[in-house]
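Right, one structure below, let's go through it.
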Amino acid sequence: MKMPGSQPRVRTCQIGEVALGADNAILGDAAMDDADPTVIDAFAGQPDVPRNLTVKGNDANVSGDVEIEGTNAFGEPISETIALAGAAVVAGSKAFRTVTQVTLPPYDTANTERVRVGTGAKLGLPVALSRDTVIAAYRDNAREANHPTVAVDEDAVESNTVTLGSALNGSAVIVDLYETN
């Protein structure tokens, strides 16, 4: 029973219709310079919802830090540095609503090294939480069988993310949670 005059603390977060992440959704096979960082500000796409980004090189020699700048769910500027690990996909942890600039390191070995920037499976929550208060997550109006993986940060909304146990497929994602702040 709700107490008279109290405010509801359960929040339904309509994340949106979320596509499966792609390793080249933001930037595909961008060339690295031999001596200087490469700054890029024109992109193939933007995140469909606030979500984490990934980086991937085209061969085992690709190394260095990729610096990504953009905005969070509230339009505030954010940045993240993600270390390349050869041809492996490396996931960032912050939820970007937009990407405004990507800075690639100089190439390591040969003038054939390329970098992709894509979208990951961590979806941004539109609230900063002090602890995991997610009640349930839904994909295509079906409750997820397992509790999602949740990251929280009471000071930075972009560090509050949820990762579903099932694959994203363009269906609507909804997360119910208790607000803590």
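Summary of computed values
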| read-out | value |
| --- | --- |
| Simple spin-label estimate for S166 and A22 in nanometres, 7 Å along Cα-Cβ | 2.3 |
| Computed Kirkwood radius, in angstrom, where 1/r is averaged over Cα pairs of the chain | 17.1 |
| Gain on full stretching of the segment that runs from I174 to D33 - 0.36 nm per residue minus C-alpha separation | 46.6 nm |
| Relative counts (whole %) of C-alpha pair distances in segment 25-93, using bins that are 10 Å wide | 17, 55, 25, 3 |
| Radius 14 Å from Cβ of E179, net charge of other residues (Lys, Arg +1; Asp, Glu -1) | 0 |
| Length released on extending from D65 to H147, taking residue separation times 0.36 nm less the Cα-Cα span | 26.3 nm |
| Net charge contributed by nearby residues that have their C-beta within less than 10 Å of T71 (K/R +1, D/E -1) | -2 |
| At q = 0.10 Å⁻¹, base-10 log of I(q)/I(0) for segment 50-133 (Debye sum, equal scatterers on each alpha carbon) | -0.27 |
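Where a number appears in this text, it was derived from the coordinates with a stated rule and is not lab data. From a predicted model like this one, the values you see are computed outputs, not experimental measurements. Note: ideal-geometry Cβ built from the backbone for every residue, glycine included; neighbour counts use all protein chains shown.
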